[in-house]
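K.L.:
Take a look at this one; I'll ask things after.
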Amino acid sequence: MSNEMSDTEKSKIGILAIQGDFAAHAGMLHSLGAETLEVRTVADLAQCDALILPGGESTTQLQFLQEEGLFDAIKQFAGKHAVFGTCAGAILLASKVENPAQDSLGLLEMTVLRNGYGRQLASDVFFGSTKLKSDPMEMVFIRGPIIERVGAGVQVLAEYAGKPALVQNKNILAATFHPELTEDSTVHRHFLDLVTKQFATTESRAALTNK
């Protein structure tokens, strides 16, 4: 058996850890062989190879990011690293937020409606079509936002009730549901694939520089 570590094992996935199911994200990633780090400061973020913005309350998270200097740090971090937002995290990634309007990181060209599926939507099991596998994807919505519009270059990877539920543009991924609350690791595997491609690109650039 080879002693070489895979790119997944070499990578350290940061998870914003102020509220939401950040522990559930960590559990899913650990089951896939990835190392995680709880992120609460800019110094924490600097140790990471990728970042997950979990669910919670987007206005509370936004205020925390701004107060701790993480707002600008994450925008800079996303220039070279994979970032994945779920529910409130998807709101933070959007270029435009409505119902009501609020500031956001603007890393993904899309318009989201906060609490789009209703404030009291239960944590029931829903299923929607996806490009990541042949079977319908299990989705858990908890006061989830609706993606009302996606811009050029944004790929819709899954839908629920006729609306985009999982979208991606290059290294930025967003889900309006909570994949960490299911037993289906498809979305997290896809995110780790983005991190692996990130490593491959970095290593290729390093090889060309050293020639």
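The values are calculated or read from the model by the stated rules, or taken from the named source; none is laboratory data. Worth saying up front: this structure is predicted, and the values here are computed from it rather than measured. For neighbour counting, all protein chains shown are included, and Cβ atoms are generated from backbone atoms with ideal geometry for every residue, glycine included.
K.L.:
Out of (1) farther than 20 Å from residue 24 by Cα; (2) touching a residue at least 24 places away in the same chain (Cβ under 8 Å), the odd one out for residue 48 is which?
P.N.:
Only one criterion is unmet by residue 48, namely (1).
K.L.:
From the list 24, 78, 94, 43, exactly one residue is of a type outside the set (Phe, Trp, Tyr), at pLDDT 95 or above and in contact with a helix residue (DSSP H, G or I) (Cβ under 6 Å, 6 or more places away or on another chain). Which is it?
P.N.:
Criteria check complete, one pass: 24.
K.L.:
Quick one: residue 124 ticks every box in (1) assigned to a loop (DSSP other than H, G, I, E, B); (2) closer than 19 Å to residue 190 by Cβ; (3) among the acidic types (Asp, Glu) bar one, so which box is it?
P.N.:
All conditions pass for residue 124, except number (2).
K.L.:
I've got another one for you. Please indicate, with yes or no, whether at least one residue in region 1-11 is modelled with pLDDT of 95 or more, surrounded by fewer than 23 Cβ atoms within 10 Å (Cβ to Cβ) and either touching a Leu at 6+ places or on another chain (Cβ under 7 Å) or within 29 Å of residue 143 (Cα to Cα) (or both). Steps first, answer last, please.
P.N.:
Of all residues in region 1-11, those modelled with pLDDT of 95 or more come to none.
So far as region 1-11 goes, no, none of its residues is modelled with pLDDT of 95 or more, surrounded by fewer than 23 Cβ atoms within 10 Å (Cβ to Cβ) and either touching a Leu at 6+ places or on another chain (Cβ under 7 Å) or within 29 Å of residue 143 (Cα to Cα) (or both).
K.L.:
OK, next. Would you say residue 143 is at pLDDT below 95 and surrounded by 15 or more Cβ atoms within 10 Å (Cβ to Cβ)?
P.N.:
yes
K.L.:
What residue, of 35, 67, is among the charged types (D, E, K, R) and surrounded by 14 or more Cβ atoms within 10 Å (Cβ to Cβ)?
P.N.:
On inspection, the qualifying residue turns out to be 35.
K.L.:
Related question: May I ask you to verify whether residue 60 is part of a strand (DSSP E or B) and either out of contact with any helix residue (DSSP H, G or I) (no Cβ under 7 Å at 6 or more places or on another chain) or surrounded by fewer than 23 Cβ atoms within 10 Å (Cβ to Cβ) (or both)?
P.N.:
Considered against the rule, which asks whether it is part of a strand (DSSP E or B) and either out of contact with any helix residue (DSSP H, G or I) (no Cβ under 7 Å at 6 or more places or on another chain) or surrounded by fewer than 23 Cβ atoms within 10 Å (Cβ to Cβ) (or both), residue 60 comes out as no.
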